[in-house]
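The structure appears below as structure tokens.
The values are calculated or read from the model by the stated rules, or taken from the named source; none is laboratory data. All figures in this text were calculated on a predicted structure; none of them were measured in a lab. With ideal geometry, Cβ positions are generated from the backbone for all residues, glycine too; neighbour counts draw on all protein chains shown. With ligands, DNA and RNA removed, areas are computed over all heavy atoms of the protein, side chains included. Shrake-Rupley method; radii C 1.70, N 1.55, O 1.52, S 1.80 Å.
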Amino acid sequence: MNTPRVKNIVVVGGGTAGWMAAAALSKVLDRSYHIELVESEDIGTVGVGEATVEHLKLFNQLLEIEEGEFVRATQATFKLGIQFNDWGALGDSYVHGFGSIGTELGLLPFHQYWLKAHHMGKAGPLGRYSLNTLAAERGRFMVSAKDVPANSPLANIGHAYHFDAGLYARYLRAYAEKRGVKRTEGRVVSVQQHGESGFIESVTLESGRVVEGDLFIDCTGFRGLLIEQTLHAGYEDFSHWLPCDRAVAMPCERTGPPTPYTRSNAREAGWQWRIPLQHRVGNGHVYCSQYMSEDEATASLLSQLDGKALGEPRQIRFTTGMRRKFWDKNVVALGLASGFMEPLESTSIFLIQSGIVRLMQLFPRLGMSETLIGRYNEQAITEFERIRDFLILHYKATTRDDSPFWRYCRDMPIPDSLAENMRLFAESGLFFREGDELFAHLSWVQVMIGQGIVPSGYHPFVDQLSERDLLGFIQNVGSVVERCVNAMPPHQDFIDRNCKAPVPQM
Ligand SMILES: Cc1cc2nc3c(=O)[nH]c(=O)nc-3n(C[C@H](O)[C@H](O)[C@H](O)COP(=O)(O)OP(=O)(O)OC[C@H]3O[C@@H](n4cnc5c(N)ncnc54)[C@H](O)[C@@H]3O)c2cc1C
């Protein structure tokens with residue numbers, strides 16, 4: 001394939017994906033590259049997406065954005081994990097926290113020792129031994145301390161953010177424009193392809209202006225203007241495993257201090273999120289239209305708000321799945337244009353970040369290469385599939401049978417890869433992370449145990465400890481975590497002291 005050296009990069013779409021891509025590329029590429037971003041205010045952005053995983057810190061570090069500045073600019077609060085209520089069974093509650101649980105001993109992770117103590121009836125819930133979980137439940141937060149011993153839980157506190165993604169995109173726009181990215185307002189009305197290769201040569205705007213490029217980044221949201229509508233890359237539909245296909249979102253006023261965790265309450269045909277920001281609370285109801293109407297979903301959401309509703313409910317439709325090709329010819333799809341797996345574990349913005357980093361690693365400086373494209377797609381597909389399995393786990397690991405939706409989820413066939421992991425864990429408490437997959441074994445362990453898959457066995461090495469030593473170890477970890485959490489300030493105090501955002505102008 002003989003294609004030109006990449007010099008002109010065109011990002012189509014200016015949502016979170018478009019501006020993250022433009023900002024990152026403007027940071028890492030030298031000024032000989034020309035980057036232009038086309039967006040249409042008439043079309044607008046999806047306008048939801050407020051919770052992240054820990055990795056956004058790394059993205060901001062790459063861009064050399066200071067944490068306090070980011071938090072103030074995006075009205076952010078801190079997130080220690082996600083609280084899941086009513087998922088495994090009605091009345092259940094657990095936290096999937098970032099960071100560690102207890103401490104490893106010898107070759108084994110903490111939960112193996114916990115399992116034995118649990119079966120003896122002598123351990124508290126697993127979350128009792130996780131600093132993130134306990135701090136989340138008590139509304140406390142601080143970033144990792146530098147002035148404590150390296151093995152203190154306070155030295156290694158995992159955190160992510162709740163933030164206003166629209167403000168983040170605005171912030172990144174200023175960042176990117178300062179580094180030479182050209183922003184063009186306008187709706188793309190047609191796309192021109194090379195007659196033989198099918199490569200995209202240019203897009204034409206409503207104004208008649210033609211924007212030419214060597215590499216196009218499709219950030220046009222669900223419509224996938226370039227990757228799907230033009231190149232027909234294809235979509236792998238996950239909705240038989242992840243059946244929710246609608247969401248209604250509605251922010252409300254805050255009525256109390258922000259919790260340092262996202263709340264996810266399972267509902268009759270889906271689940272509801274609550275995400276506290278500094279200036280408001282984000283709420284949404286993700287549901288399956290086969291089992292619930294838009295009116296019912298909206299009424300259910302409105303009845304659960306903490307404070308006064310702000311604005312009108314926003315209805316969103318989606319089909320869970322991923323593109324068959326994330327990079328096709330000279331188009332790389334990022335964000336919703338590349339696929340969507342619902343926001344249960346706040347993975348979409350992470351997937352944008354990961355796609356950008358992958359593109360940087362495999363950047364086609366000398367022109368398009370099937371080798372680079374092949375590797376990109378292989379990695380992206382694996383990443384999506386591993387996250388997909390983790391999300392399906394939340395629906396599958398349930399004993400709920402109080403509604404047709406939950407009966408469907410409980411009984412649905414699941415991918416072999418997930419079935420195998422669930423079986424292995426149920427028997428032995430073992431989980432093996434695959435390659436670079438996002439969620440580490442601690443995430444899987446917390447969700448499996450939290451939703452009732454408590455392994456019948458534990459690793460034989462645990463028996464090297466006498467029962468007395470085992471219980472002493474468990475108790476000691478519990479008291480260290482308790483002491484550390486008591487030393488942490490309330491979440492609101494931490495924000496007030498370090499990164500309080502200005503009150504927004506209405
Ligand atoms: C219900 C829901 C909840 C979510 N919650 C989370 C969450 O908590 N955490 C998380 O990480 N992610 C979440 N997400 C995902 C997150 O919202 C998206 O990943 C993120 O907003 C990126 O969107 P985007 O930039 O890909 O698309 P969009 O925001 O839709 O932006 C598309 C852009 O393309 C432009 N465009 C489209 N067509 C044209 C055209 N013809 N010409 C010119 N411009 C065009 C638009 O103007 C816009 O600028 C959620 C998504 C949904 C649906």
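The figures follow:
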quantity: Euclidean distance of C-alpha centroids, segment 302-340 and segment 380-418, integer Å; calculated: 19
quantity: Protection proxy ranking, peptides 336-347, 474-485, average beta carbon neighbours within 10 Å, highest first; calculated: 336-347, 474-485
quantity: 222 nm mean residue ellipticity, helices alone, for the chain (DSSP H n ≥ 4; -39,500 (n - 2.57); rounded to 500); calculated: -10000 deg cm²/dmol
quantity: Rounded to 5, the percent of DSSP beta bridges in the chain classed as antiparallel; calculated: 70
quantity: Cα-based Kirkwood hydrodynamic radius, segment 213-300, one decimal, Å; calculated: 15.7
quantity: Cα shape, the chain, gyration tensor, a/c 1.5 rule; calculated: prolate
quantity: From phi via Karplus (6.51, -1.76, 1.60), per-residue ³J(HN,Hα) for segment 151-156 in Hz, x at Gly/Pro; calculated: 8, 6, x, 6, 7, 9
quantity: Backbone HN-Hα couplings from phi across segment 265-279 [Karplus 6.51/-1.76/1.60, Hz, Gly and Pro as x]; calculated: 9, 5, 10, 4, 9, x, 7, 10, 9, 9, 10, x, 9, 6, 9
quantity: Magnitude of the charge dipole, the chain, Cβ model with Lys/Arg +1 and Asp/Glu -1, debye to 20; calculated: 980
quantity: Per-residue SASA entry for Val12, accessible area with 1.4 Å probe, Å² rounded to 10; calculated: 10
quantity: Estimated distance in nm for a label pair at Lys182 and Asn151, the labels positioned 7 Å out from Cα along Cα-to-Cβ; calculated: 5.9
quantity: Leading residue at positive end of dipole, the chain (Cβ point charges), from Gly13, Gly158, Phe384; calculated: Gly158
quantity: Reachable aspartates and glutamates, given that their alpha-carbon falls under 14 Å from the alpha-carbon of Lys308 and they are not under 8 places away in the same chain; calculated: Glu253
quantity: Accessible area of the chain belonging to carbon and sulfur atoms, whole % at 1.4 Å probe; calculated: 49
quantity: Beta bridges by DSSP in segment 1-151, antiparallel share as percent, to the nearest 5; calculated: 55
quantity: Prolate/oblate/rounded label for segment 340-471 (Cα gyration tensor, a/c 1.5); calculated: oblate
quantity: Ranked by how many other beta carbons lie within 10 Å on average, peptides 445-455, 424-434 from highest; calculated: 445-455, 424-434
quantity: For a label point 7 Å along the Cα-to-beta-carbon line of Lys27, residues of segment 50-68 with backbone N under 14 Å; calculated: 55-68
quantity: Segment 201-309: GluC sites (Glu not before Pro) in DSSP coil with no more than 13 other Cβ atoms inside 10 Å; calculated: Glu206, Glu253
quantity: Square roots of 5 times each gyration tensor eigenvalue, C-alpha, segment 357-421, largest first, Å; calculated: 38, 10, 8
quantity: Amide hydrogen neighbours beyond the local backbone of Arg324, cut-off 5 Å, H modeled; calculated: Gly234, Tyr235, Glu236
quantity: Three-way shape call for segment 163-322 based on the alpha-carbon gyration tensor, with the a/c threshold at 1.5; calculated: oblate
quantity: Estimated distance in nm for a label pair at Lys308 and His119, the labels positioned 7 Å out from Cα along Cα-to-Cβ; calculated: 5.7
